[in-house]
Amino acid sequence: MSLISLTHIVKTYRTGDETLHVLKDVNLTVNTGEFLAIMGPSGSGKSTMMNIMGLLDNFDAGVYTLNNQDVTHLNENQRAHVRNKEIGFVFQSFNLMPRMTLLENVALPMVYAGIGRGERKDRAADALTQVGLGDRVDHQPNEISGGQMQRVAIARAIVNRPAVIMADEPTGNLDSHTSLEIVRIFQELNAAGTTIVMVTHEPDIAQYAKRIVSFRDGIVQKDEPVANPPQLFSQEVSS
Amino acid sequence: MTLLESFKMALDAIRANKMRSFLTMLGNIIGIAAVIAILAIGNGATTRITGTFNDLGATTVSLSVSNNASNDEQITDQDLQAIKNTDDRVTAISPNYTLSGFAAASGDEKTALIFGGSPDLQRTSNVMDPSLVSGRYFTQADYDESAPVAVISADGAKSLFNNQTNIVGKMMTLRSRTTSISVRIIGVTKSTADKFQGAVRRNSFPVYVAIPYSTMKLVSINAGGITDVTIKARSRNDITAVSQNTVRLLETRHDVVGQQLYTARNYLSALDQVDNVLTLFVEFIAAVAAIALVVGGIGVMNIMLVSVTERTREIGTRKALGATTRDIMIQFLTEAVILSLIGGIIGLMLGIIVAESVAAALAITATITWQAIVLVLVFASAVGIFFGIYPARKAAKLNPIEALRYE
Ligand SMILES: Nc1ncnc2c1ncn2[C@@H]1O[C@H](COP(=O)(O)OP(=O)(O)O)[C@@H](O)[C@H]1O
Ligand SMILES: [Mg+2]
């Protein structure tokens, strides 16, 4: 059974009398346990696709099924609940709350899930430990490096135990060494069973995924598995 | 998300922008401080003014005879008796005559204020404390006989008798510019100077003496027919009727109806005027306060709109993480209310400080009521909600993708 199923997705933008066809009849299925990389040149519709999958954006036609639930026609409130429960987001620019501690940042999705304070603290600390920042719980985002911030964001993404992690250019603001650190964590999480969808335009990064889907001009141009992706987490990658 | 969470978030956001938050609160601080201070001072002043009126006699009617009245038309003892007997709203009635003279016993002569009246003087006098420390007041019999008896205030007695207190039965001399008489002291009342604490230096305070008006005629050549009378009515509500009734009765008894020879005055109209002025004052303050709070509210709205714009990405992130429209709405509304309420609380404290200092300077008591405090805080919260709704809705309705893309 597929975790994510998008069929005949159409997305257009209208600016003035011009109509921009960003997604033209896209079909995409992601199974539980996959590590999928979405590639393609700038403007090919990767982010648009990701936003639709993340229930952040609407689409004009097609059907979207997420975790056995038809989410095509949900209202704003229902989408917020599905995002909270099923999806963990990792953004290119980290998007941490600047005045909150790392622990509070990681706990935020649980605040919106209505989880009590004590449990929030425990689970947020666990998630931070999982990304190697268990000793930094009381730090503020401005006291840590970019790579560490993205690790905090990953901890935040996994803390509500979502069905899938969606990362749009998660390494776009990081140097190549730190980028591999992030990809290593993704591989670890994936090995432990977490489904991951990652947008990137860098082949160096995409090669670590199990499958690569390539977009061009709003259509899926290629969709193929990666034969034996290199494993980063068995090696030592120091930060 | 619980209210406690949004409360904490709001406080964090306010703390992150201390200076800006404080400046935003200034409108509320100043408005509410002004309201609290002025209400407290106004209440204190009202208490003081009505207190003064009550001292002067809110139940007192002053009766006087015109200079144009002939001898036959002067007020007589029989008139006073008739007024008292026919109107049961009248509880006391006495001639009202004050002589600035001198009193002497064994030592030096002292200046004295000598009050002449009927035995009811004990109840009509606004200046001499009626409570007896020892002895008795003069009676109707003393009055009828023009008995040479006197009641003296305790402080006056001390100054005349070398600090002796047991002086009932002793003699003293009362003197006007022309005549002097010897009177026996039959009673001592409480010190009068106490009532004017601090207003006059004690050693220069005159000796207060009360004697029958009939006896007064023996020492003052000006004391003849009765020209001034003080009447005590049963209650404040009776004094208008008592005033009218007394004048009518006197006019009938002297057969001078409509000639306006007799005038009855009371403090009621003055008190009403003071009430009116105070009401106007309070209404004016309420208007000023409302304007100040609206200005404060606009400040809150302005800063909240800035805050929503600045935190667009934060809002987008929160939405991505699962915040509902309602969660965002409550978060920003809470922030607006807290901003407004903290301003209100600071204003409240400032207002109390100002009120206490001004009251201390004016020698009145600032009266800060619980109702005023609750009202101010409720009003501040209401302002926060009213002016916070628009920015909060704006935040809540942001499109998550556009918010996330915002630089
Ligand atoms: N809100 C929008 N209005 C109009 N055009 C948009 C909007 N968002 C994206 N686009 C356009 O859609 C196309 C795809 O954008 P995007 O999905 O962000 O591409 P990618 O992430 O692959 O670089 C681009 O041409 C972009 O300009
Ligand atoms: Mg993109």
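Enter the mean number of other protein chain beta carbons within 10 Å of the beta carbon of each residue in B:307-320, as an integer.
If you average over the peptide's residues, the count of other-chain Cβ atoms is 4.
Could you work out how far helix B:77-86 tilts from the main Cα principal axis of chain B, as a 0 to 90 degree angle to the nearest 10?
Approximately 50 degrees, to the nearest 10.
Taking every DSSP beta bridge that has both residues in chain B, what percent is antiparallel when rounded to the nearest 5?
75 percent
Please give the average number of partner chain Cβ atoms lying within 10 Å of the Cβ of each residue in A:85-98, rounded to a whole number. Each step should come with its number before you reach the end.
Details: counts 1, 1, 3, 2, 5, 0, 5, 1, 4, 1, 8, 2, 7, 3.
What the average comes to for A:85-98 is 3.
Of A:Lys11/A:Lys222; A:Lys85/B:Lys319; A:Lys121/B:Lys8; A:Lys24/B:Lys397; A:Lys85/A:Lys121; A:Lys24/A:Lys46, which ones are farther than 21 Å apart at the Cα?
Working: A:Lys11/A:Lys222 19 Å; A:Lys85/B:Lys319 13 Å; A:Lys121/B:Lys8 16 Å; A:Lys24/B:Lys397 29 Å; A:Lys85/A:Lys121 18 Å; A:Lys24/A:Lys46 12 Å.
From the list (A:Lys11/A:Lys222; A:Lys85/B:Lys319; A:Lys121/B:Lys8; A:Lys24/B:Lys397; A:Lys85/A:Lys121; A:Lys24/A:Lys46), the Cα-Cα distance tops 21 Å for A:Lys24/B:Lys397.
Taking each residue of B:5-11 in turn, how many C-beta atoms of other protein chains fall within 10 Å of its C-beta, and what is the average?
2
Using the per-residue mean of other Cβ atoms lying within 10 Å as a proxy for protection, in what order, highest first, do the peptides B:239-247, A:129-137, B:341-349 fall? Show your work: numbers first, answer last.
Values: B:239-247: 18.8, A:129-137: 16.6, B:341-349: 21.9.
Ranking, from highest mean packing down: B:341-349, B:239-247, A:129-137.
With both bridge residues required to lie in the protein assembly as shown, what share of the DSSP beta bridges run antiparallel, to the nearest 5%?
Details: 59 of 87 bridges.
The antiparallel proportion sits near 70 percent.
With a 10 Å radius around each residue's Cβ, average the other Cβ atoms per peptide and rank A:68-75, B:395-402, B:58-65, highest first. Walk me through the intermediate numbers first.
Details: A:68-75: 12.4, B:395-402: 18.6, B:58-65: 21.1.
Highest-to-lowest ranking by the protection proxy: B:58-65, B:395-402, A:68-75.
Given region B:59-266, what percent of its DSSP beta bridges are antiparallel, to the nearest 5?
Looking only at bridges with both residues in region B:59-266, the antiparallel portion is about 75 percent.
Number of Lys pairs in region B:59-266 with C-alpha atoms less than 27 angstrom apart, excluding same-chain neighbours closer than eight positions?
Total qualifying Lys-Lys pairs in region B:59-266 comes to 18.
To test your reading of the geometry: what angle, between 0 and 90 degrees and rounded to tens, separates the Cα axis of helix B:370-396 from the longest principal axis of chain B?
Rounded to the nearest ten degrees, it is 20.
When the expected Rg is taken as 2.2 N^0.38 Å, what fraction or multiple of it is the alpha-carbon Rg of chain B?
Chain B yields a ratio of 1.59.
Please compute P(r) over all alpha-carbon pairs of the protein assembly as shown, binned at 20 Å starting from zero, and give each bin as a whole-number percent.
For the protein assembly as shown, the pair-distance distribution reads 15, 28, 16, 13, 14, 12, 1.
Can you tally the net charge around B:Ser6? Count Lys and Arg as +1, Asp and Glu as -1, for every other residue whose Cβ sits under 12 Å from the Cβ of B:Ser6.
Overall, the nearby charge balance is -1.
Give me D for chain A in µm² s⁻¹, whole number, from Stokes-Einstein with Rh from the Kirkwood sum over alpha-carbon pairs, 25 °C and 0.890 mPa s. Intermediate values should be presented prior to the final figure.
Details: Rh = 18.3 Å.
The estimated diffusion coefficient comes to 134 µm²/s.
Can you tell me the orientation of helix B:3-16 relative to chain B, as the angle in degrees between its alpha-carbon axis and the longest Cα principal axis, to the nearest 10?
The two axes meet at around 90 degrees.
With a sphere of radius 15 Å drawn around the Cβ of A:Pro229, what net charge do the other residues whose Cβ falls strictly inside it have (Lys, Arg +1; Asp, Glu -1)?
Values: positive: A:Arg184, A:Lys210, A:Arg211; negative: A:Glu34, A:Glu188, A:Glu202, A:Asp204, A:Glu224.
Spelling it out: positives minus negatives among the neighbours equals -2.
Can you grab the distance from the C-alpha centre of region A:26-45 to the C-alpha centre of region B:145-170, Å, no decimals?
Value for the Cα centre distance between the two parts: 113 Å.
Using a 1.4 Å probe, how large is the accessible area of B:Asp228, given in Å² and rounded to the nearest 10?
Spelled out: B:Asp228, probe radius 1.4 Å, area about 70 Å².
Could you state the accessible area per residue of region B:59-266 in Å², with a 1.4 Å probe and every protein chain left in place? Please report the intermediate quantities before stating the final value.
Working: 10170 Å² over 208 residues.
Heavy-atom SASA per residue in region B:59-266 reads 49 Å².
Rounded to the nearest 10 Å², what accessible area does A:Glu18 have for a 1.4 Å probe in the complete protein model?
Approximately 130 Å² for this residue.
In units of 2.2 N^0.38 Å, what is the alpha-carbon radius of gyration of region B:59-266?
Relative to the rule-of-thumb radius for its length, region B:59-266 sits at 1.05.
The values are calculated or read from the model by the stated rules, or taken from the named source; none is laboratory data. These numbers come from a predicted model, not from an experiment. Quick reminder, even Gly has a Cβ in these numbers, built from the backbone with ideal geometry, and neighbours come from all protein chains shown. Side chains included, ligands, DNA and RNA excluded: accessible areas come from the protein's heavy atoms. Shrake-Rupley method; radii C 1.70, N 1.55, O 1.52, S 1.80 Å.
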